[in-house]
Protein chains: 2
Amino acid sequence: MRASSYHINTLKEAPAEADVTSHQLMTRAGMIRKVAGGIYTYMPLGLRVLRKIENIVREEMNRAGAIELLMPVVQPAELWVESGRWEQYGAELLRIKDRHQRDFVLQPTSEEVITDIARNEIHSWRQLPLNFYHIQTKFRDERRPRFGLMRGREFTMKDAYSFDRDAASAQASYDLMYQAYIKIFTRLGLEFRAVAADTGSIGGSRSHEFQVIADTGEDLIVYNPDSDYAANIELAAAPTLIALRGAASETLVETATPDAPKCEIVAAQLKRPLTDTVKAIVLATEAADGKAAPTIWLLLIRGDHSLNEIKASKLAGFENGHRFATEDEILDTFGCVPGYLGPVNPRKPVVVIADHTVAHMNNFICGANREGFHYTGVNWGRDLPEPQVADLRNVTAGDPDPQGGHLAIQRGIEVGHVFFLGDKYSKALDATFLDTDGKPALLQMGCYGIGISRIAAAAIEQRHDARGMVWPKAIAPYEVVICPMGWNKSETVRNAAETLYRELEQAGVEVMLDDRDIRPGVMFAEWELIGVPVRITVGDRGLKEGILELQARSDEAAAKVPVAEALTAIVKRLESL
Amino acid sequence: MRASSYHINTLKEAPAEADVTSHQLMTRAGMIRKVAGGIYTYMPLGLRVLRKIENIVREEMNRAGAIELLMPVVQPAELWVESGRWEQYGAELLRIKDRHQRDFVLQPTSEEVITDIARNEIHSWRQLPLNFYHIQTKFRDERRPRFGLMRGREFTMKDAYSFDRDAASAQASYDLMYQAYIKIFTRLGLEFRAVAADTGSIGGSRSHEFQVIADTGEDLIVYNPDSDYAANIELAAAPTLIALRGAASETLVETATPDAPKCEIVAAQLKRPLTDTVKAIVLATEAADGKAAPTIWLLLIRGDHSLNEIKASKLAGFENGHRFATEDEILDTFGCVPGYLGPVNPRKPVVVIADHTVAHMNNFICGANREGFHYTGVNWGRDLPEPQVADLRNVTAGDPDPQGGHLAIQRGIEVGHVFFLGDKYSKALDATFLDTDGKPALLQMGCYGIGISRIAAAAIEQRHDARGMVWPKAIAPYEVVICPMGWNKSETVRNAAETLYRELEQAGVEVMLDDRDIRPGVMFAEWELIGVPVRITVGDRGLKEGILELQARSDEAAAKVPVAEALTAIVKRLESL
């Protein structure tokens, strides 16, 4: 491609609303243009990246035996009513009416339609296993679309759905997809991690997320650098940090801690380590009949730890949801304002659940249920009953891994997710097949998503510098750009550039020849912003010595390359990237 | 691909609602499945056809210098308000509201968004010409979606938009697209015609349709077999069939024609040729102020001709629309019921417009404005004033072409349309650039559509037989299918089939190996229905003689091919298709 026949339009400044690097850089490089909140046009350079990602995903899905089809963007409400998600999905599901006032949705995902297809198409165990996927426009009506392609409303997703006879076969389909994802993200040239994850609103019993590692990621990944353990912090089991509870050696003392509603302040006032303190979180669950008073729960974690909301939501008794207790409920239960609450002698009965670590603490410090006072020297069994125990906290970096070594934490961007669904959707839509015994059985399903457009953003979050994007070769909009110095002035430069351009095109390299009449500094800055992996500079001075300059985007310095060896050198450098 | 790893699910019967061949065959072959009215899933075999069409379109668009981008499906209402189409488009434009009650549309086409992009991206004449296109999901909320992919609601369209400095350059861009379309439809392997066409609701001053020839097409194409003239009947100029008006040799006679409200009956009663009769059509246009009485128009065409509504709509005075006159208006104007109306002495003044041919008739027959009576021997100038003259009728097959030869008519399916838009949208959205003189000028636009999914249906309407589809090689889901007779019984057959399968794959042929355990008759019928261009039968009997059977889908008989020469023979036969 010649730049003069293409559309390149970079901006000096990103729009004020662009609050993450990828959004800023894609906008500045002219890869995306906003049409409405969370809705973008993929401009030519941006679309090239998107298509390259799509093609790698498609090739590996096909290689894994998945079969591509294409389900519609607009889907009838009936199927969503049948699955129950018409009610459950919430406001992110964009519901629309056609001219006859019939209800439809813009698909955020396609479990319903594919299960409807499966119940019509799959009759016999002989047809199984089957895995269908499509790469299609999705729509999720985010309340606050932000971060550019990272959390847009209209986006491109690959979603696959596997159908199997039984759980064992479904697990094999899941494993096949897991392996295909490893291949996909490896080929994309991104640093990533497959992590055990919560199943969330999609449901099912098992799932892994594929996270692109980036400091700006919204997810926290717990992993063990010495093993292959990795899990989303939402799910990662937190070990107890105290193997055996020590003896009760201090006496229980009510100590004045004025203006100390936080563990950090208490510890400082009492000149004790933060790890001697216990934090109290008061939650409430409604009575099943909706009439009796709510149950009040007191969750305890160590002062230096943070509550894991996902873990809390899975506690027995929390099946129908939970909430933070109101200030009135707290006053009524503890006779005290928040900030000084604790498990010792609350005014009314409360269910106390202690995190594993808290349950093993001795001589600890907690609120005295009296404003401005804490207890020190608190001991389980002596000063209060033994608590219920559960994993309530987020892992912290450095926590020991019970399997050996220590846990580390890094940030990631979720770009893929595989779910073991079981019969959740096949049951709701009565999708059965005739099994070997001639009897109908429910299809066992898995579903597997990859955020195509989000990958582009994640790649930038992971790979960029002050000058712009640094694309992995596999998904760069172009692999090589030729920058002739003085296109309009020097026939020698023009001829050398044209020759190399032809050679590279013939060698199948995706090459851009910048034949525009712009200043070298501007030209270099544009291609560094756009992040093309290899830049070749063709100038009169170099040509006199018979050399071109090869600059890899990820390298510090440029290399001089003899003109005659340029093609070989470029291809070799590309291969090494 | 191996059939056992693929999803092939053909049906014996098409659904009752499938009323055209392509809908019936695509459903029976398992290429599409209905999700809702006018909304389909492209099943694996159908998607392959769609992608092949897309790729040919993409390649030729790129070759013509158009640049691909991707505009969103969901577009903000603001832009449609700005262009005026939010009001004008009617119910086919699906209007939706997001969770914040903001208005959006599902794009039926993207003039607004691309013009918005252009006004932001194009600053200088130096950037022009530019042509952007995308291949994207479209939605048109048809009142009565029907004919499968032919008139669906959700469909795939390629739409391109050119931007130029001036009309001459815009015309060159238009011509470039016209030529690209010729290449595209030639490569698709379809019989087609580029025809001059009306610009309709898109607007602009010039347009051509690309019509796939098929007896089941909805459009009528007028063409001259001896020249390159071709036009949609909506637009095709109808010649006068009478060069010079003959003398008034009959006297005007009011003749009883009881129960003869139609020209055919009148001609039969009076024993005169139908070509001596004149048909009266009474139209009305509202007064500009909406208060004065409507104007009544009497349009006259020869008894054997049909009114062309599009031509009528372009008459001077019809700019703000027209309608058929009501029975009351007719009674009031002519003092007579419909069926016996004519231009001679109506009760009240009426604007008479005669088709060219009618204006040249003498001694003709028309209604006498008295129920049950017609005039014979009517002559212009003598019995009534000379009329206004216009082209009002549809061309009929056999009409002389003023340029020589005669006109013929055939049916077609519109699959592409190129429009010269001028500044219609750039004016509405104020899309300007700085011209060579440094002053802002409006961008001159063209737009160019291709119905990707409709092409699949049109190809079937053009190419099918009693057994199923007959795909052109370029867009067939697979090029070759290998049908082994007795896969599970004969190792010889299995080995020969596998060898050929490997050879064909290595040669880059898109081949399906049908390794399913099904009866030969069923297997043959399925692949004939699906319409794969070349079928190879591998059987024990043939192998004993060292031969395979090669059956082209479009051939009557199969050919025997020595095993050793099979690859060459298949590749050669494919090339000739």
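Quick rundown of the values:
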item: Residue list for the stretch A:146-163, filter: more than 10 Å from chain B (Cβ to nearest Cβ) and modelled with pLDDT under 95; result: A:146, A:147, A:148, A:149, A:150, A:151
item: Conditions (1) outside any strand (DSSP E or B); (2) modelled with pLDDT of 95 or more: number failed by residue B:369; result: (1)
item: Number of positions in the stretch B:150-169 that are touching a helix residue (DSSP H, G or I) at 6+ places or on another chain (Cβ under 7 Å), within 16 Å of residue B:50 (Cα to Cα) and assigned to a strand (DSSP E or B); result: 4
item: Filter pass, residue A:143 being of a type in the set (D, E, K, R) and within 12 Å of another protein chain (Cβ to nearest Cβ); result: yes
item: For residue B:57: the one exception among (1) within 11 Å of another protein chain (Cβ to nearest Cβ); (2) in contact (Cβ under 8 Å) with a residue 40 or more places away in the chain; (3) buried (at least 21 other Cβ atoms within 10 Å of the Cβ); result: (1)
item: Among (1) more than 10 Å from every other protein chain (Cβ to nearest Cβ); (2) crowded, with 22+ Cβ neighbours inside 10 Å - the single one residue B:124 does not satisfy; result: (2)
item: Scope the stretch B:421-462; condition among the small types (Gly, Ala, Ser) and under 25 Å from the mean Cα position of the chain (by Cα); matching residues; result: B:422, B:446, B:449, B:451, B:453, B:456, B:457, B:458, B:459
item: Test result for residue B:101, out of contact with any Phe, Trp or Tyr (no Cβ under 6 Å at 6 or more places or on another chain) and surrounded by 22 or more Cβ atoms within 10 Å (Cβ to Cβ); result: no
item: Residue in the stretch A:504-523 that is in contact (Cβ under 8 Å) with a residue 12 or more places away in the chain and farther than 29 Å from residue A:466 by Cβ present; result: yes
item: Any hit, the stretch A:535-549, residues being in contact with a Pro (Cβ under 9 Å, 6 or more places away or on another chain), free of Cβ contacts under 8 Å to residues at least 40 places away in the same chain and part of a strand (DSSP E or B); result: yes
item: Subset of the stretch A:505-545 that is surrounded by fewer than 13 Cβ atoms within 10 Å (Cβ to Cβ) and over 12 Å from residue A:485 (Cα atoms) - its residue that is nearest to the chain's Cα centre (by Cα); result: A:508
item: Residue A:118, sole failed condition from (1) in contact with a Lys or Arg (Cβ under 6 Å, 6 or more places away or on another chain); (2) more than 8 Å from chain B (Cβ to nearest Cβ); result: (1)
item: Within the stretch A:13-31, considering residues that are within 14 Å of another protein chain (Cβ to nearest Cβ) and among the hydrophobic types (A, V, I, L, M, F, W, C), the one nearest to the chain's Cα centre (by Cα); result: A:26
item: Residue selected from the stretch B:430-476 under the condition basic (Lys, Arg) and in contact with a strand residue (DSSP E or B) (Cβ under 8 Å, 6 or more places away or on another chain), by the criterion farthest from residue B:170 (Cα to Cα); result: B:463
item: Strands (runs of 3 or more DSSP E) wholly inside the stretch A:172-237 that include at least 1 residues being under 26 Å from residue A:51 (Cβ atoms), assigned by TED's automatic domain parsing to the domain that holds residue A:52 and without any contact (Cβ under 8 Å) to a residue 40 or more places away in the chain; result: A:192-196
item: Qualifying positions in the stretch B:423-481 - in a helix (DSSP H, G or I) and out of contact with any helix residue (DSSP H, G or I) (no Cβ under 8 Å at 6 or more places or on another chain); result: B:424, B:427, B:462
item: Counted residues, the stretch B:400-422 - those being part of a loop (DSSP other than H, G, I, E, B), in contact with a strand residue (DSSP E or B) (Cβ under 8 Å, 6 or more places away or on another chain) and surrounded by fewer than 22 Cβ atoms within 10 Å (Cβ to Cβ); result: 0
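A quick yes/no check of all residues on (1) buried (at least 18 other Cβ atoms within 10 Å of the Cβ); (2) of a type in the set (Lys, Arg); (3) farther than 29 Å from residue B:131 by Cα; (4) away from chain B (no Cβ under 13 Å):
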position: A:2; (1), (2), (3), (4): no, yes, no, no
position: A:11; (1), (2), (3), (4): no, no, no, no
position: A:33; (1), (2), (3), (4): yes, yes, no, no
position: A:46; (1), (2), (3), (4): yes, no, no, no
position: A:70; (1), (2), (3), (4): yes, no, no, no
position: A:86; (1), (2), (3), (4): no, no, yes, yes
position: A:93; (1), (2), (3), (4): yes, no, yes, no
position: A:97; (1), (2), (3), (4): no, yes, yes, no
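The values are calculated or read from the model by the stated rules, or taken from the named source; none is laboratory data. In this text, all values refer to a predicted model and were calculated from it rather than measured experimentally. No Cβ is skipped: glycine too gets one built from the backbone with ideal geometry, and neighbour counts run over all protein chains shown.
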